[in-house]
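The structure under discussion appears below in the form of structure tokens.
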Amino acid sequence: MSSVFLGSGKLVKDYTLIIKYFEKLRELGIDPDSSYPRGEDLEEVKKLVEQGAVKSLEEALNVLKERFKQRIAKEAAVEAVREVLGAEIGADAAVEHVARLLALWTLEMGENMGIIKIVGAERYLR
């Protein structure tokens, strides 16, 4: 299994697709910083949890996934999915898949940094 910064494996079993996505960004001449998890992503989740607007892991995942979908380069996502999973899928599906993994990784980071606590993670392993 490949590893990533502050990834615990609690939600993401294999980070290979995430790593490949960032490799593809570089190959395409796109700054990977645009897609990396940011402090403000975690702060948004923390704020929503504290306000009671997010009450479950699924809701937090969906909030983050929507944030990431706006920052993902479609071509890099399609190529990464093709290479890692051996699947030919459309751009929207590839973006959805990569966004989900980035969101799950971000939640792992948040727990490792003491910002959030992940409960009921078993069903999210990918």
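The values are calculated or read from the model by the stated rules, or taken from the named source; none is laboratory data. Quick caveat: nothing in here was measured; it's all calculated off a predicted structure. Ideal geometry is used to build each Cβ from the backbone, glycine not excepted, and the neighbour counts take in all protein chains shown.
Data overview
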{"read-out": "Number of the exception - residue 108 against (1) crowded, with 20+ Cβ neighbours inside 10 Å; (2) touching a helix residue (DSSP H, G or I) at 6+ places or on another chain (Cβ under 8 Å)", "value": "(2)"}
{"read-out": "Selection count where residues are without any contact (Cβ under 8 Å) to a residue 40 or more places away in the chain and either of a type in the set (S, T, N, Q) or under 19 Å from residue 100 (Cα atoms) (or both), scope the range 30-42", "value": "7"}
{"read-out": "Odd one out for residue 44, checked against (1) closer than 21 Å to residue 94 by Cα; (2) assigned to a helix (DSSP H, G or I)", "value": "(1)"}
{"read-out": "Residue within the range 50-70 that is modelled with pLDDT under 90, part of a loop (DSSP other than H, G, I, E, B) and crowded, with 17+ Cβ neighbours inside 10 Å present", "value": "yes"}
{"read-out": "Qualifying residue in the range 49-63 (condition: hydroxyl-bearing (Ser, Thr, Tyr) and closer than 18 Å to residue 18 by Cβ)", "value": "no"}
{"read-out": "Residue, nearest to residue 111 (Cα to Cα), within the range 25-41, restricted to residues that are in contact with an Asp or Glu (Cβ under 9 Å, 6 or more places away or on another chain) and in a loop (DSSP other than H, G, I, E, B)", "value": "30"}
{"read-out": "Options 84, 78; residue that is surrounded by fewer than 24 Cβ atoms within 10 Å (Cβ to Cβ), touching a residue at least 24 places away in the same chain (Cβ under 8 Å) and either hydrophobic (A, V, I, L, M, F, W, C) or in a helix (DSSP H, G or I) (or both)", "value": "84"}
